[in-house]
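The values are calculated or read from the model by the stated rules, or taken from the named source; none is laboratory data. Given the structure is predicted, the values throughout are model-derived calculations rather than measurements. Methodologically, a virtual Cβ is constructed for each residue, glycine included, from the backbone with ideal geometry; neighbour enumeration extends over all protein chains shown. Note: areas computed on protein heavy atoms with side chains; ligands, DNA, RNA excluded. Shrake-Rupley method; radii C 1.70, N 1.55, O 1.52, S 1.80 Å.
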Amino acid sequence: MAYRVKSTTSYGGRLNKALKGIVGGFIMFIGGTILLFWNEGNFVKTKKAIQEAEGACVAVEDVSKVDASLNGTLIHASAFADTKDELTDEAFGVTAVAIAINRKVEYYQWEENAKKETRDKIGGGQETITTYTYKQAWVDKPIDSMTFEDPQYTGKNMVLVPTVEKQTVYAQNVSFGAYTLPGFFIESIKGNTPAEVNLTDEQKQAWTKRLGAAPAAAPVPLPAATAPAADAAAPLSGATAPAADAAAPEEEAAPAPAVEPSAVPSATVPAMIHVVGHIVYFGRNPNAPEIGDMRITLTKVMPADVSIIGKVVGSTFGKFVAKNGKTFTRLEMGTVSPEEMFANALSENVLLAWILRVVGALLVIFGLMGIFNIITALLKVLPFLANIVGAGIGLVCFILGLAWSLIIIALAWLTYRPLIGVPLLVCSIGLVYYLKKIAPKNKAQPPAEPPSVA
């Protein structure tokens, strides 16, 4: 059931908020301006670095032998990234010869969602109705339910083992033909193969002590993983641990992996610890999660074919440093030609530049709205008038913000690429002229004379 909270803000409170908004507006406006100018410079420098790297890159077909003549040369090569390193996640009995082992931790928690509806009142006040709804879901970090608004859900969340954290363990030695890959290349290799979990009896007993669990009809508040199984773990913010919550979630949570009959724990397996393929589940039933349950998903990155662009440094690789100081290296999965890899790098640079342009322009526009929102706040004594003026101010701020953003981009391009910056500057000035042209003219028109009667 939804929980609603009504609050009111006085006219003076709204004015005070609008005054504070001016400061925030200036910060957003200045931040957006700086971001726009920096972004254009970064885009041009990165593009030049990629193009410089492309011109210097040498395609090497065979890396089965270390070629001393290539030392200091930027090369492109494709080969099998292999390793003999045996990686382990001792806490969950995972051992594998792999490039990396990933541990993902999720908690089953109540989530609070808020939806606000506001209504202006004659005289400048404002009434706000906030509707809070709650649902159960798997999340990547515990949620503090002591801050929940609905008393029925306050303190409902708990976690069985709050000290288990996500982690990634990387191999230290990964070969690439006769060469060895450096750490920044190793961390770029992707994969998501399920890792086999083999919890020993000793590990199961250790987890049982940490959990303080035994077959029971209801979940038991459990101690932290680092505690010697003495005190029970309290819910977040120190609230009393709740029993199993009978309330059904408003929305279906992500289903837990189905447990095959062979995966159901036997009498020798603790009732609160279940191994389901590459998932270790803490809770009574993986098919019916309860608040406080936790699941650990373990995956590994296996050796695979990769393509790299890197500077040869002896028998390993380093980063290419362009004349403008920008560095460039790249790794892609599979066998990819150098032309494709450089084209992909240029495309990603363009995409990032456009994303930051949009972000910068929005910061400028919303910054202007924050600055001029005081005008709308002053007119809130008459809501209908404030709404009309607010819409006009919003339109003006949008056009001014867009024009200002284009001017900053044009100035940046004048610095880095004058031939492109000049047209952009002309376009920006045109927007300002258009804004001036469409501005309302408060010239009263004389009424038409009535037709004469014969």
Is it true that Glu40 is touching a helix residue (DSSP H, G or I) at 6+ places or on another chain (Cβ under 6 Å) and closer than 30 Å to Phe176 by Cβ? no
Being more than 16 Å from Lys48 (Cβ to Cβ) and loosely packed, with under 15 Cβ neighbours inside 10 Å is the filter here, so list the residues in region 320-342 that pass it. Met333, Gly334, Thr335, Ser337, Glu339, Glu340
For Ser347, which of the numbered conditions (1) more than 30 Å from Pro194 (Cβ to Cβ); (2) out of contact with any helix residue (DSSP H, G or I) (no Cβ under 9 Å at 6 or more places or on another chain); (3) in a loop (DSSP other than H, G, I, E, B) fails to hold? (3)
For Ser7, are the conditions met, namely being exposed (fewer than 14 other Cβ atoms within 10 Å of the Cβ), in contact with a strand residue (DSSP E or B) (Cβ under 6 Å, 6 or more places away or on another chain) and outside any helix (DSSP H, G or I)? yes
Does region 158-176 hold any residues that are modelled with pLDDT under 95, open to solvent by less than 50 Å² (accessible area, probe 1.4 Å) and either out of contact with any Ser or Thr (no Cβ under 9 Å at 6 or more places or on another chain) or within 30 Å of Lys65 (Cβ to Cβ) (or both), and which are they? Val159, Leu160, Val161, Val164
Those residues of region 34-62 which are of a type in the set (A, V, I, L, M) and either assigned to a helix (DSSP H, G or I) or out of contact with any Ser or Thr (no Cβ under 8 Å at 6 or more places or on another chain) (or both) amount to Ile34, Leu35, Leu36, Val44, Ala49, Ile50, Ala53, Ala56, Ala59, Val60
Looking at region 52-66, which of its residues are touching a residue at least 40 places away in the same chain (Cβ under 8 Å) and surrounded by 13 or more Cβ atoms within 10 Å (Cβ to Cβ)? Glu52, Ala53, Glu54, Ala56, Cys57, Val63, Val66
Might you check whether a residue that is part of a helix (DSSP H, G or I) and open to solvent by 50 Å² or more (accessible area, probe 1.4 Å) occurs anywhere in region 74-93? yes
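Can you tell which of Gly191, Gly125, Gly155 is at pLDDT below 95, closer than 30 Å to Met302 by Cα and either of a type in the set (Gly, Ala, Ser) or surrounded by 19 or more Cβ atoms within 10 Å (Cβ to Cβ) (or both)?
Gly191
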Among the residues of region 354-374, is there at least one that is open to solvent by less than 70 Å² (accessible area, probe 1.4 Å), within 30 Å of Glu54 (Cα to Cα) and outside any helix (DSSP H, G or I)? no
Filter result for Lys311 (closer than 13 Å to Asn42 by Cα and open to solvent by 30 Å² or more (accessible area, probe 1.4 Å)): no
Among residues of region 375-397 being modelled with pLDDT of 85 or more and touching a Phe, Trp or Tyr at 6+ places or on another chain (Cβ under 7 Å), the residue surrounded by the fewest Cβ atoms within 10 Å (Cβ to Cβ) is Ile393
Kindly indicate whether Ile291 is of a type in the set (A, V, I, L, M, F, W, C), in a strand (DSSP E or B) and closer than 30 Å to Val159 by Cα. no
